[in-house]
Every structure is written in C-alpha cells, then in structure tokens.
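**Q** Have a look at this one before I ask anything.
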Amino acid sequence: MQNVVIAPSVEFVEVFQTSNGAVFQSDKENCWYIDFAGKLARFDYRSLMKLRKAVYAIDIEMILMNSEKTADLEIVFICACDHCYVLNTLQILAIRELIEGTFVMLELNRILHDRVYRLTA
Amino acid sequence: MKDITRVQCLLSTEIEALLNQQIKKEAQSSSAYLAMASWCDSHGFDYSSDYFFKQSEEERMHQMKIFKYVLDMGGNAISPEVTNIQLEFNSFKEVFEEALEAEISVTQSLKNIAANCYKEQDFVTIEFLNWFFKEQREEEYKARRALELFEVIGEEGTGRWEIDKHVNDIEYNSEA
Ligand SMILES: [Fe+2]
Ligand SMILES: [Fe+2]
C-alpha cells in the first residue's frame with residue numbers, strides 16, 4: 001500500500017482487512033481495490049463477483065490432500081479482468097478469508113442502508 | 001459507504017443462485033418432455049407425443065421467463081447444462097407417472113425459492129413467482145388427469161389407443 005498514492009483519501013473506505021490483505025471501496029468510482037499478494041488491483045461489480053466465484057471454487061481440501069510433488073500453486077484467472085493471481089496454498093486460504101470477510105461487511109452495509117438510510121429519507 | 005452491490009442487482013446472492021437452479025430445472029423438464037415425445041411417437045402414441053412436444057415448449061418458455069427476470073434485475077443468468085435425461089420407459093403409463101413426478105418436484109422447488117424470498121422479504125421476486133404457482137396448478141392438474149385416464153379407460157384391448165386419443169383433450173380452465 002505504501003507505494004500507491006490515492007487522493008483524496010476520504011473517497012477510499014476500508015471494507016475489510018486481515019493481516020494478509022485488505023479491501024477498499026471507492027464510492028466515486030463504484031469499485032473496489034484489493035490489496036493482496038503484493039499488488040493493488042481494481043475490481044468493478046462484475047469482476048468482484050467473478051473473483052468470489054473463482055476463489056470459492058478452489059477445492060482447498062483437495063490441494064491439502066494432494067501428495068504429488070508438484071508445486072502447490074493455483075492460478076485464479078478471471079475472464080475479461082486485468083488481473084490474475086498465482087497463489088500458494090497459504091495464500092489461497094488467506095484470500096478466501098479476505099473475500100469472505102469482505103462480503104460479510106458488504107452485506108452488513110446493505111442491512112444498514114435498508115434498515116436505516118432507506119427508511120428514514 | 002455506498003451500497004454498490006444493491007445498486008447493481010436487486011437479487012441477493014442466495015436468491016440469484018436459487019433462480020439459476022430453477023432455470024436449470026426448467027431446461028431439464030423441457031428436455032425430459034422432449035424425450036417423452038420421442039418415446040411416444042416411436043411407440044405409436046401420436047396424440048401423447050404431440051402433448052409432450054407442447055409441454056416441452058412450455059418448459060422452455062418457463063426457462064426463458066426466469067432467465068430474463070434474473071438479467072432484468074441485474075443478476076447473472078447462467079445458461080444451464082442439461083444431462084441425464086431419461087430416454088427409455090418401461091411402459092406407456094410409466095411415461096405419465098414420470099411426468100407427474102417431475103411436475104411435483106418443480107412445484108416443490110418453486111415453493112422452496114418462495115420460502116427463501118419470504119425469509120429475506122424479497123417481495124419483488126415473490127410477485128414474479130406467483131405466475132409460476134398458478135402455472136403449476138395447471139401443470140399438475142393435467143399430468144394427474146392424464147394418469148387418471150389409465151384407471152378410467154383401462155389398458156386392456158384398445159385401451160391404450162383410447163387413452164392416447166384423449167390425452168390431447170385435457171384442459172384446465174379454472175377461472176379462480
Ligand atoms: Fe415449468
Ligand atoms: Fe411443467
């Protein structure tokens with residue numbers, strides 16, 4: 001994060017953070033920035049949904065049980081999206097945690113809007 | 001913080017997934033009816049074959065209706081893969097038994113979606129589903145009536161020929 005300059009910072013809200021990464025929302029751009037695996041990547045609504053689908057589709061159990069001597073690397077590739085992650089097993093667990101937490105927070109934000117702002121206009 | 005996901009899509013992730021599941025179910029019904037039409041035709045039951053052709057087209061229409069709804073609400077409609085269609089039947093009667101069983105399972109699946117909609121107060125989707133509930137009334141009625149012909153007419157002698165002739169006359173016209 002320290003190399004990235006985004007101004008003004010108020011338009012950048014943290015959605016969820018773990019010790020391995022963070023997700024920020026830009027209300028102005030209607031998108032999210034994911035700081036993970038050494039890079040900051042931009043995701044719009046469609047690509048964020050695709051990322052979640054791709055991450056949840058990884059069979060972690062199978063990777064852990066795999067005794068073959070091949071590298072435990074998983075490529076998370078999202079169609080029509082600029083980014084692609086090449087992750088080891090620990091990173092897969094980490095990004096899963098990050099994405100799960102992010103969607104819980106987005107859900108919470110939805111509830112807040114539904115129950116507070118949208119009813120008290 | 002803006003509620004971007006809600007702005008993009010009216011449906012929750014769960015309801016969107018359930019609707020996509022239903023899209024698949026309708027596609028499967030359409031293919032299953034087509035297989036029944038084929039079986040009936042090749043066994044000389046022309047009227048029943050016509051009946052199942054029509055049913056197959058109706059199921060395709062149901063599929064498209066849900067497909068477009070998901071898209072219109074900002075969701076991602078998934079073109080389903082259809083596999084494991086039953087092509088062979090042991091008897092003329094078994095075809096109709098399978099048809100009724102399939103309709104019952106569709107009704108059940110729609111009820112499950114509505115139950116989830118109530119849970120999260122998605123009244124918009126419930127209103128959309130109401131058309132399907134009325135449709136299922138007709139679908140189950142017709143399938144049940146067809147099966148009843150086997151009891152009323154009987155399969156002996158020219159029975160099956162008589163049954164086949166009457167299948168296409170089955171109509172449901174309740175005003176309620
Ligand atoms: Fe249907
Ligand atoms: Fe049907």
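**Q** Got at least one residue in the range B:74-95 being under 30 Å from B:Leu10 (Cβ atoms), acidic (Asp, Glu) and surrounded by fewer than 17 Cβ atoms within 10 Å (Cβ to Cβ)? Spell out the reasoning first.
**A** Start the filter on the range B:74-95 by keeping residues that are under 30 Å from B:Leu10 (Cβ atoms), which leaves B:74-82.
If we keep only those that are acidic (Asp, Glu) as well, we get B:81.
Now narrow it down to the ones that are surrounded by fewer than 17 Cβ atoms within 10 Å (Cβ to Cβ): B:81.
Scanning the range B:74-95 turns up at least one residue that is under 30 Å from B:Leu10 (Cβ atoms), acidic (Asp, Glu) and surrounded by fewer than 17 Cβ atoms within 10 Å (Cβ to Cβ).
**Q** On to the next question. Checking B:Ala102 against (1) surrounded by 15 or more Cβ atoms within 10 Å (Cβ to Cβ); (2) assigned to a loop (DSSP other than H, G, I, E, B); (3) small (Gly, Ala, Ser), which test does it fail?
**A** B:Ala102 satisfies all of (1) surrounded by 15 or more Cβ atoms within 10 Å (Cβ to Cβ); (2) assigned to a loop (DSSP other than H, G, I, E, B); (3) small (Gly, Ala, Ser) except (2).
**Q** Now a separate question. Filter the range A:75-108 down to the residues that are within 11 Å of chain B (Cβ to nearest Cβ) and in contact (Cβ under 8 Å) with a residue 12 or more places away in the chain and list them by number. Break it down stepwise before answering.
**A** First, the residues of the range A:75-108 that are within 11 Å of chain B (Cβ to nearest Cβ): A:102-103, A:105-108.
Within the range A:75-108, A:Thr102, A:Phe103, A:Met105, A:Leu106 meet the criteria.
**Q** Identify, from the list B:Ile15, B:Ile23, the residue that is β-branched (Val, Ile, Thr) and either within 14 Å of another protein chain (Cβ to nearest Cβ) or more than 19 Å from the chain's Cα centre (by Cα) (or both).
**A** Exactly one residue qualifies, and that residue is B:Ile15.
**Q** Here's a follow-up. Looking only at the range B:11-59, which residues are closer than 29 Å to B:Ala114 by Cβ and away from ligand 1 (no atom under 16 Å from the Cβ)?
**A** B:Leu11, B:Ser12, B:Thr13, B:Glu14, B:Ile15, B:Glu16, B:Ala17
**Q** What is the number of the single condition among (1) at pLDDT below 85; (2) more than 26 Å from A:Leu108 (Cβ to Cβ) that A:Pro8 does not meet?
**A** All conditions pass for A:Pro8, except number (2).
The values are calculated or read from the model by the stated rules, or taken from the named source; none is laboratory data. All of these numbers come straight from a predicted model, not from anything done at the bench. Because the Cβ atoms are built from the backbone with ideal geometry, glycine has one as well, and the counts that use them run over all protein chains shown.
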